[in-house]
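**Student:** Starting off with a structure, shown below.
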């Protein structure tokens, strides 16, 4: 499996390292704190034991005098105790030792560290750990008393603690690094799988492939799902573009051919200036039709690529629909049909984005013109605007009582240049509904074409939003 | 009118100049933005026709410059860019009208002369009249030969526009723009339908037809031929 990124450069690894460092620092503080606590506790204990003995000997001195103290000390220091912990010194003012197992020394008061007098008694490997913490004090008559304790225990405990800390830190570091590498590897495998397939798709240009999903609905599957959705969208856009190019090529070639033929005819058969004039007139008309068609195509393309959202503002839907009714009612009448409107007042376009009134007018105009064009004289077209209800946004319905559209064709009519077989010969370039679809999509309007029993009923629902879908590969599971 | 045409395409410029000169206007052509700006700033013109795409200084910047200098000369933009955003940009940038290529010559003439008329008007009149047709903008009444005429709101707007441009040819797209506020061209005969209803009320039974159809171009409101 090719490593597209070096292991130590992955974010997972870096995070792991960061985490480990934090752990070590925190752990270090913890252990260090513990160390200090234990240390101070033991020192306190040690201090206490020494001070107690000093107090005791002072009492003895008060009651029995120096002789009494010397007796106790001599007894204590002469006991054959292999592990001796307490050391004494009772020293006269002139400097000679009265009792005890410490050597004579210059008097002092307070705490001091002293070396062990019997160093050789302890095993060699332990000798460095032994040492004395001594308290010096003056008794009456200038007698100098020292009581000291071996801090061997303390040192042993300290050493053990330090060992534990070191071991702990080392273990944490090792675990962190190992864990980092391991988790990193797991992530890498999943990511690489996705990355490899993406690369292959790009390389081959095969947009119908999808990234397979593991099926455990984890973050990688979600990522794969989203990428698959993207691929699907790109695939359909590409197909759309191909379709459009085909449509355009085909449907523009026909009028252009016609134009050419007319001009050719003129060249071969025209005999008078009048003949040429007529031919030129017709050629201009044909060119105008072509230009209109191309203009409409460009418009649709612009709308579809969402370039128009810059003109968005608040839209009074009631005003828009009323404009259409008022504008087209006479037109319908002149053509022997009836256009009626039922418009709820003060209905505005929902949502914060607003919309483009001009585009919406054009969209409705196209729908109405479509109705006029594809119904026989005597038909009625009803244009209604209903306000929002609790469950849905405002709704516009364009319904006629003409022949309608067969259910099978209702989706296809939105394709560019699509003409129902029944209407191939009527005027219009077949782009009207494509424009309707483009404007609807831009404004997130849901379009439904239904049977009006009889006739066609086009329902435009405002305020629709489409949630993203996750799709899996054809052979994998689909995650909803 | 004295008209300055700033257009780099020689053929188009010649066509425009020729057409307008035949109508009796005085035309100068500048082939690029810089010379156009120089001419526009130094000589007094009644109208500027500016192509948006020019070598050197582009049309939009040119117009913005002269507007910044306080000039109120009417400007008609010409452009191969025909998107709505382009039109809005042109009108927001100081243009008074916008025509996309390819354009019909009659359309150009109609709009040029409408712009010229608009500029020469001083105060807005409150009464528009041609022959025995009188429209009172304040009282919102229309009458002909003393007889009041009932018009629907849309018909009123159509008549008002034709009256304001009486004697001039008004194209369908101009009517769509100013009366319906939109540029798109409905496939069916929206303008014709409404105009014919309106002219029926205004002309029928009054002897003289004031509203005349100019074939292939538009309409013209005038008394006599």
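A short reminder: the numbers here are calculations on the coordinates, not readings from a lab. Because the structure is a prediction, the values reported are computed rather than measured. So basically every Cβ, Gly included, is an ideal-geometry build from the backbone, and we count neighbours across all protein chains shown.
**Student:** Take the Cβ-Cβ distance between residue B:53 and residue B:192 as r, set R0 to 35 Å, and report the resulting FRET efficiency rounded to the nearest 0.05.
**Tutor:** Computed FRET efficiency for residue B:53 and residue B:192: 0.55.
**Student:** Taking the Cα centre of each part, how many Å lie between the stretch A:391-410 and the stretch A:344-375?
**Tutor:** Their Cα centres are 14 Å away from one another.
**Student:** Once the Cα atoms of helix A:219-269 and of chain A are each reduced to a long axis, what angle between those two axes, in degrees from 0 to 90 to the nearest 10, is obtained?
**Tutor:** That helix lies at roughly 20 degrees to the long axis.
**Student:** Can you put A:461, A:202 in order, fewest other beta carbons within 10 Å first?
**Tutor:** In order of increasing Cβ crowding within 10 Å: A:202, A:461.
**Student:** Would you please calculate the Kirkwood hydrodynamic radius of the stretch B:126-165 over all C-alpha pairs and express it in Å, rounded to one decimal?
**Tutor:** Result for the stretch B:126-165 stands at 10.0 Å.
**Student:** Right, another one. Can you work out D for the stretch A:159-283 in µm² s⁻¹ from Stokes-Einstein, where Rh is the Kirkwood radius over C-alpha pairs, the temperature is 20 °C and the viscosity is 1.002 mPa s?
**Tutor:** D = 100 µm²/s.
**Student:** Among B:141-150, B:211-220, how do they line up from the highest to the lowest mean number of other beta-carbon atoms within 10 Å?
**Tutor:** By packing density, highest mean first, the sequence is B:211-220, B:141-150.
**Student:** Ok, one more. Enter the mean number of other protein chain beta carbons within 10 Å of the beta carbon of each residue in A:327-335, as an integer.
**Tutor:** 5
**Student:** Roughly how large, in nm² to one decimal, is the mean projection of the convex hull of the alpha-carbon atoms in chain B?
**Tutor:** Averaged projected hull area, Cα only: 12.9 nm².
**Student:** Please give the Cα centre distance for the stretch A:270-285 versus the stretch B:5-32, rounded to the nearest Å.
**Tutor:** First find each Cα centre; the distance between them is then 27 Å.
**Student:** Over all directions, how big on average is the projection of the convex hull of the alpha-carbon atoms in chain A, in square nanometres?
**Tutor:** Averaged projected hull area, Cα only: 47.2 nm².
**Student:** How much FRET efficiency would the formula 1/(1 + (r/R0)^6) give for residue A:141 and residue A:108, where r is the Cβ-Cβ distance and R0 is 25 Å, rounded to 0.05?
**Tutor:** 0.90
**Student:** Determine the principal axes of the Cα atoms in the stretch A:252-304, then give the extent along each, sorted from largest to smallest and rounded to whole angstroms.
**Tutor:** Projected onto the principal axes, the Cα atoms of the stretch A:252-304 cover 48, 17, 8 Å.
**Student:** Take the stretch A:207-246, drop everything but the C-alpha atoms, weight them equally and run the Debye formula without solvent; then report log10 I(q)/I(0) at 0.18, 0.29 Å⁻¹ to two decimals.
**Tutor:** -0.53, -0.89
**Student:** Tell me the angle of helix A:357-373 to the major Cα principal axis of chain A, expressed in degrees between 0 and 90 and rounded to the nearest ten.
**Tutor:** 40
**Student:** At 222 nm, what value in deg cm²/dmol follows for chain B if DSSP H runs of at least 4 each add -39500 (n - 2.57) and the sum is divided by all its residues, to the nearest 500?
**Tutor:** -12000 deg cm²/dmol
**Student:** While we're here: Using alpha carbon centroids, what distance separates the stretch B:131-154 and the stretch A:136-158, in Å?
**Tutor:** Taking the Cα centre of each part, the stretch B:131-154 and the stretch A:136-158 sit 125 Å apart.
**Student:** Right, here's the next one. Between residue A:169 and residue B:103, what is the label-point separation in nm under the 7 Å Cα-to-beta-carbon projection?
**Tutor:** 8.3
**Student:** Further, regarding this structure: Mind sorting A:369, B:11 by how few other Cβ atoms lie within 10 Å of their own Cβ, fewest first?
**Tutor:** B:11, A:369
**Student:** Obtain the radius of gyration and the Kirkwood radius of the stretch B:156-203 from its C-alpha atoms and give Rg over Rh.
**Tutor:** Expressed as Rg/Rh, it is 0.94.
**Student:** Ok, one more. Would you work out if the stretch B:1-108 is rounded, prolate or oblate? Take a ≥ b ≥ c from the square roots of the eigenvalues of the alpha-carbon gyration tensor; rounded if a/c is under 1.5, else prolate when a/b is larger than b/c, oblate otherwise.
**Tutor:** It is rounded, given that a/c, with a ≥ b ≥ c, falls under 1.5.
**Student:** Next up: If you take each beta carbon of peptide B:151-160 and count the beta carbons of other chains within 10 angstrom, what is the mean?
**Tutor:** 1
**Student:** To continue, here is another question. Give the relative contact order (percent, whole number) for chain A; include only Cα pairs under 8 Å separated by 6+ residues.
**Tutor:** Reported relative contact order: 12 percent.
**Student:** May I pose another question? Per-residue Cβ counts within 10 Å, from other chains only, averaged over B:176-184: what number is that?
**Tutor:** That average works out to 3.
**Student:** Would you order A:154, A:456, A:298 from fewest to most other beta-carbon atoms within 10 Å of each residue's own beta-carbon?
**Tutor:** A:298, A:154, A:456
**Student:** Another question, then. What is the Cα radius of gyration of the stretch A:100-245 over 2.2 N^0.38 Å, N being its residue count?
**Tutor:** Working it through for the stretch A:100-245, the quotient is 2.58.
**Student:** Using the basic label-point model (7 angstrom from Cα toward the beta carbon), what is the residue B:15 to residue A:34 distance in nanometres?
**Tutor:** Label at residue B:15, label at residue A:34, 9.3 nm between them.
**Student:** In whole Å and largest first, what semi-axes does the C-alpha gyration tensor of the stretch A:235-342 yield when each eigenvalue is scaled by 5 and square-rooted?
**Tutor:** 37, 26, 12
**Student:** If packing is taken as the average count of other Cβ atoms within 10 Å, what order do A:21-31, B:28-38 fall into, highest mean first?
**Tutor:** Going by the mean number of other Cβ atoms within 10 Å, highest first, we get B:28-38, A:21-31.
**Student:** On C-alpha positions alone, give me the angle between the axis of helix A:152-204 and the longest principal axis of chain A, in degrees, nearest 10.
**Tutor:** Roughly 10 degrees between the two axes.
**Student:** Would you work out the Kirkwood radius for the stretch A:303-378? I mean one over the mean of 1/r across all pairs of different Cα atoms, in Å.
**Tutor:** Every distinct Cα pair counted, the radius reaches 13.6 Å.
**Student:** Place a point 7 Å from Cα of residue A:63 in the direction of its Cβ. Which residues in the stretch A:124-165 have their backbone N less than 18 Å from it?
**Tutor:** A:140
**Student:** Rounded, prolate or oblate, given the Cα gyration tensor of the stretch B:41-157, with a/c below 1.5 counting as rounded?
**Tutor:** prolate
**Student:** Zone of residue A:219 (label point 7 Å along Cα→Cβ, backbone N under 17 Å): which residues in the stretch A:183-200?
**Tutor:** A:183-195
**Student:** For a quick protection proxy, order the peptides B:47-54, B:89-96 by their average other-Cβ count within 10 Å, most packed first.
**Tutor:** B:47-54, B:89-96
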